[in-house]
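Report on one structure; see the data block that follows.
The values are calculated or read from the model by the stated rules, or taken from the named source; none is laboratory data. Everything quoted here is computed from the prediction, not taken from an experiment. Here the Cβ positions follow ideal geometry from the backbone for every residue, glycine too, while neighbour counts run over all protein chains shown. In case anyone asks, the SASA skips ligands and DNA or RNA and just uses the protein heavy atoms, side chains included. Shrake-Rupley method; radii C 1.70, N 1.55, O 1.52, S 1.80 Å.
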Amino acid sequence: MSLDGDIALLKRVPLFGELPTEQLRLIAFSAVRLDLVPGQVLFREGAKAAGGYVVSGGKLELTVDEGKKHDVVATCETGALIGEVALFIETRRPATATASVASQVIEIDRKLITRMLNEYPHLAVRMRAMLADRLTATVFELGRVRQALAKIDRIQPRRQN
């Protein structure tokens, strides 16, 4: 994909969508492009995370290891950002990412994002506001799930051991 194509892709990612073209160009120029073959593992559950990935083509599955079983927890296609938290803090991968078809990703290093936020404080303010809005929406949704689970718990009789 060309630099302009990468910039257009990054504009579609909610976290980066409101960034000025100059900053998107910096991300796109500094990012590493990776091609994955079907079945290739991008990263494993529990590995240290140095940044995030934007899927630029294909499809990846995120799985968690449940004993001998690998449960698919998400499918990520073009435009998906994988590892958003790792762009801001040191963390470990909560799942394994595997290409289910021939795929391409753009790897974005946390050091680049940190440098951008330090050099362009107004971007930090914008990103903070976006993340705060999303966190608020997530907390609201969790409240709704909690209420739904409480209703189910009241309706179903408890099993006796």
When you go through (1) within 23 Å of ASP4 (Cβ to Cβ); (2) in a helix (DSSP H, G or I); (3) open to solvent by 70 Å² or more (accessible area, probe 1.4 Å); (4) out of contact with any Asp or Glu (no Cβ under 7 Å at 6 or more places or on another chain) one by one for ARG126, which number turns out not to apply? (4)
How many residues are of a type in the set (Val, Ile, Thr), in contact (Cβ under 8 Å) with a residue 40 or more places away in the chain, open to solvent by 30 Å² or more (accessible area, probe 1.4 Å) and under 30 Å from ALA124 (Cα atoms) if we restrict to the range 85-102? 1
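Rundown of residues vs (1) in contact (Cβ under 8 Å) with a residue 12 or more places away in the chain; (2) more than 15 Å from the chain's Cα centre (by Cα), yes/no style:
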residue: LEU36; (1), (2): yes, yes
residue: ALA49; (1), (2): yes, no
residue: GLY52; (1), (2): yes, no
residue: SER56; (1), (2): yes, no
residue: GLU66; (1), (2): no, yes
residue: CYS76; (1), (2): yes, no
residue: GLY83; (1), (2): yes, no
Residue count, the range 26-84 (criterion: open to solvent by 60 Å² or more (accessible area, probe 1.4 Å) and either part of a strand (DSSP E or B) or charged (D, E, K, R) (or both)): 17
